[in-house]
Amino acid sequence: MAMSAVYKITFTALARVALLSLLFGATIGMIWGSTSGGIAGAFIVFLCFWYYAWKLAQLSEWLNDPKAANLPDGFGVWGETLGNLYRLIRLERTAQHALATTLDRFQEAASALPDGAVMLDNQYNIVWCNPNAEAHWSISLGRDRMQTITYLIRYPEFIDYLNTRKFGQPLTLKISQPKTSSSATDVTLSVQLVSFGDEQMLLLSRDISEREQLETMRRDFVANVSHELRTPLTVLLGFLETISAAGNSNPVVIEKSLAHMGSQTLRMERLVNDLLALSRLEDNRNRLTAAPINMPELIAGIALDAQHLSQGHHKIVLESDTGWLVGNRDEISSALSNLVTNAVRYTPAGGQISLRWSTQNGASMFSVSDNGEGIPAEHLPRLTERFYRVDRGRSRASGGTGLGLAIVKHVLLRHGAQLEITSSQHVETHGTEFRIVFPVERTCPSQPSLQIHAASAAG
Ligand code: ADP
């Protein structure tokens, strides 16, 4: 079909050229008076015109599907013209390729942005968006292209933000994730519209859930610390007022008041010490200094302290393998003591507390189990949160700060160890067990050599 078009044009041109050549030959023949000269001249003219008509037809055909590879060739003026055309096409192709590459790069860069970006036209229709924006707004570029954004994002605060057009300040938006996915949690987005080009808009969104969570934690923490300090301070103030009340010189009242004031001061001191310990453990700049710890010896000391604290009200059992741990002695001692102290404080008199240190398959484990009342299952995942208590009154009455297990968690984090908690409130099997599993690389069956000591101290 394609070739027939060329032939058609060529033959039409040929017919005209033949006619022109005949006329030209007849004119030459008449002027020269020679028929053969006229025929020869007409033939040469015919050939020239035919060549031009043929090339023109090829060019016209090529223009229907202009590809550099299919461009016809020629000689003389045609060769030069077609050569120039070929160069022009190559230049245009190179420019097109560069533009496509730049566009691809731009889209790649926009897709890699940590923020969501939706490009909107002047009617707020979606022109393009990156994968983060798809995740933030639960939209899909394939499905929602050219949809009006307000049909898809229907939060009243967002619609107000668009209507008032105060785009200088970002909008904080709480987004409820679809409940279909088990991991779905609500997210907080910081949203801002930026105009560009010809009344186009870029809708930027940033997930600030973590920042918000941290801010909430910080507020809760300050509130908790203030609350923990306010109680002993109120008690102290009360006793001070009693003592300083005019005419109150009763030595019994004064002695009692001083004793109460002393215990409240100790409570505040414990709280401040725990807060300082926690802040040191949480500080990333505070690198862990480690050395080999003789664990049976350390645990025997902790068991003695527990006997002292229990004052004979509990049966304390100790089972211990040999073995060394490469870690920070003060931190490990404080974590283990916290667990053992809790067992003594929360196990009613007459109960049994078992401490166990075992090494197996290279790893090691320390466990404290008691036969106290046990902890309801719903509390277990939150026990290591700061100031989290199962029974607030009981914790305070036994001198707890609510920070013990948070300290344990941070010490273990620094040593690459895991905390496992199991508890039962069953009538026959009630009790709680806290297990610390230390990694193989921190455990040694015998006293580690100096090289290991030095290497771990560096980490
Ligand atoms: P606290 O200073 O209140 O003891 P912790 O962080 O050490 O704070 O412990 C958090 C909570 O975990 C305690 O308030 C207590 O309710 C519970 N708990 C810890 N150990 C035990 C245990 N062995 N038996 C029962 N409850 C425990």
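The values are calculated or read from the model by the stated rules, or taken from the named source; none is laboratory data. What you are looking at is a predicted structure, and each value in this text was computed from that prediction instead of being measured. All Cβ positions, glycine included, derive from the backbone under ideal geometry; neighbour counts span all protein chains shown. The accessibility values were calculated without ligands, DNA or RNA, using every heavy atom of the protein model including side chains. Shrake-Rupley method; radii C 1.70, N 1.55, O 1.52, S 1.80 Å.
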*Starting from residues that are under 27 Å from the mean Cα position of the chain (by Cα) and more than 24 Å from L266 (Cβ to Cβ), keep the ones in the stretch 368-393 and report whichever is farthest from the ligand (Cβ to nearest atom).*
P381
*Of all residues in the stretch 340-370, count the ones that are of a type in the set (A, V, I, L, M), open to solvent by 30 Å² or more (accessible area, probe 1.4 Å) and farther than 21 Å from P439 by Cα.*
1
*Would you please name the residue that is nearest to the ligand (Cβ to nearest atom), looking only at residues in the stretch 350-360 that are touching a residue at least 24 places away in the same chain (Cβ under 8 Å) and not aliphatic (A, V, I, L, M)?*
G351
_Checking the conditions here, which among E255, E241, E269, E297 is in the same structural domain as R435 (by TED's automatic domain parsing), free of Cβ contacts under 8 Å to residues at least 12 places away in the same chain, out of contact with any His (no Cβ under 9 Å at 6 or more places or on another chain) and surrounded by fewer than 13 Cβ atoms within 10 Å (Cβ to Cβ)?_
E297
*So how many residues does the stretch 371-404 have that are hydrophobic (A, V, I, L, M, F, W, C) and open to solvent by less than 50 Å² (accessible area, probe 1.4 Å)?*
5
*Among the residues of the stretch 394-449, write down those that are modelled with pLDDT under 95, assigned to a helix (DSSP H, G or I) and either near the ligand (Cβ under 8 Å from one of its atoms) or hydroxyl-bearing (S, T, Y) (or both).*
R394, S395, R396
*Give T347, T322, T341 a once-over and let me know the one that is within 16 Å of the ligand (Cβ to nearest atom), of a type in the set (V, I, T) and more than 18 Å from V411 (Cβ to Cβ).*
T347
